[in-house]
1. Scan the range 87-98 and report the pairs whose first residue is outside the structural domain of A183 (by TED's automatic domain parsing) and hydroxyl-bearing (S, T, Y) and whose second residue is surrounded by fewer than 24 Cβ atoms within 10 Å (Cβ to Cβ) and at pLDDT 95 or above, with Cβ atoms within less than 8 Å and a gap of 6+ or a chain change.
2. Which condition number does Y199 fail, the rest of (1) of a type outside the set (D, E); (2) closer than 20 Å to I69 by Cβ; (3) within 20 Å of the chain's Cα centre (by Cα) being met?
3. Determine whether the range 83-94 contains at least one residue that is surrounded by fewer than 21 Cβ atoms within 10 Å (Cβ to Cβ) and more than 18 Å from the chain's Cα centre (by Cα).
4. Only one of L317, L232 is farther than 30 Å from R55 by Cα and of a type in the set (A, V, I, L, M, F, W, C). Can you tell me which?
5. Keeping to the range 47-95, report how many residues are more than 15 Å from the ligand (Cβ to nearest atom) and either part of a helix (DSSP H, G or I) or among the small types (G, A, S) (or both).
6. How many residues does the range 96-110 contain that are within 16 Å of the ligand (Cβ to nearest atom) and either surrounded by fewer than 21 Cβ atoms within 10 Å (Cβ to Cβ) or under 13 Å from Q249 (Cβ atoms) (or both)?
7. Regarding P21, is this residue in the same structural domain as A271 (by TED's automatic domain parsing), without any contact (Cβ under 8 Å) to a residue 24 or more places away in the chain and either surrounded by 11 or more Cβ atoms within 10 Å (Cβ to Cβ) or within 16 Å of the ligand (Cβ to nearest atom) (or both)?
8. Do you know which of the residues in the range 24-46 that are away from the ligand (no atom under 16 Å from the Cβ) and touching a strand residue (DSSP E or B) at 6+ places or on another chain (Cβ under 6 Å) is farthest from R273 (Cα to Cα)?
Amino acid sequence: MKEFWSRRIVDAVPYVPGEQPKGQTFVKLNTNECPYPPSPKVVEAITRAAGETLRLYPDPECLELRCAIARREGLSPDQVFCSNGSDEVLAFAFQAFFDPDKEIVFPQITYSFYPVYTNYFGLTCRQVPMNPDFSTPVEELMGKNGGVVLCNPNAPTGQGVSREVVEKLLRANPDVVVIVDEAYVDFGGESSVGLIDRYPNLLVIQTASKSRALAGLRVGWAMGNPNLIQGLCCVRDSINSYTVDRLAQAGAKAAVEDEDYFTQTCQKVMATRERTAQRLREMGYTVLPSQANFLFVSHPDKSGKALLDGLRERGVLVRWWSNPAISNWLRISIGTDAEMDTLLGALQEL
Ligand code: PMP
């Protein structure tokens with residue numbers, strides 16, 4: 001089966017993405033996509049970019065997009081790095097800032113790509129157990145380590161920590177890079193971008209995939225000290241200089257500049273989240289408080305797997321992990337109000 005494979009990939013344990021169903025129409029609440037379309041300005045910008053210039057390579061530095069992000073965040077463009085989705089930015093960051101002989105740390109229940117990168121890049125990690133209420137054990141991420149990865153708000157639990165807590169973490173780990181993955185921060189979390197000027201070891205990573213409804217375009221970015229940004233460029237230019245195509249650069253720039261549309265989208269998602277959480281609690285479910293575009297949910301009597309399968313039979317896809325620590329929990333992405341009503345109806349039946 002693995003004939004001709006390098007040792008590196010023979011030993012790899014790849015990430016398993018959520019199902020993207022083909023054919024049958026599901027209510028798709030399994031990959032934290034935005035239920036609303038991207039800003040009309042994005043489609044206009046992509047249409048404009050889809051012309052004769054496609055024969056030319058894109059700007060490898062993504063300068064216009066970086067300027068747009070920098071303007072929005074009060075940074076300078078040399079504090080911003082863009083790439084092909086934040087997964088790629090994370091992959092570059094693991095390679096740029098962590099060494100095999102220095103154990104990195106992250107929480108035990110967090111984005112499941114972190115252990116995949118750790119293994120694939122030959123790094124070592126310590127995964128610290130969650131607090132009993134599933135909140136992030138931030139104190140345990142302090143002290144001697146080779147780097148820290150904090151998903152804030154955390155996935156799949158949805159709970160975030162304050163900027164003050166992140167600052168404590170940065171102060172306690174001044175000699176290593178602290179990556180703060182803010183994929184979900186726009187749905188009620190507290191961003192750490194404001195700390196970048198004071199902490200040269202902070203790298204904040206965000207994405208256009210969730211709050212800007214562009215999972216299909218593949219754009220993510222990192223923000224941090226210019227020295228860290230240069231480190232990411234060094235990795236990128238050792239692998240593939242043109243990671244963000246012309247259409248993606250144009251579309252993402254338009255999305256970042258359409259602040260009103262962005263705010264409306266986030267507010268709709270958050271309102272639906274609160275309404276759904278309340279209904280689920282009334283139905284007897286335990287629902288963790290969420291600052292993200294998903295809910296982490298369990299039922300006192302029904303196993304997570306039984307709920308997953310029952311929902312699938314009723315045309316609703318959600319996410320479940322076999323990891324025993326969370327196997328009685330489901331992560332349910334926030335869809336439209338109508339989609340959440342379908343979910344609630346299916347759960348009622350179950
Ligand atoms: N970080 C977290 C915590 C995520 O859940 C995701 C989405 N799966 C990503 C990063 C990557 O998102 P993207 O590559 O679409 O930017």
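The values are calculated or read from the model by the stated rules, or taken from the named source; none is laboratory data. From a predicted model like this one, the values you see are computed outputs, not experimental measurements. Positions of Cβ are generated from backbone atoms using ideal geometry, with glycine treated the same way; all protein chains shown enter the neighbour counts.
1. Correct list of pairs: empty, since none qualify.
2. Result: Y199 passes all but (3).
3. no
4. The match here is L317.
5. Going through the range 47-95 one residue at a time, the tally reaches 24.
6. Total meeting the criteria: 1.
7. Here the answer is no, as P21 does not meet what is asked.
8. F26
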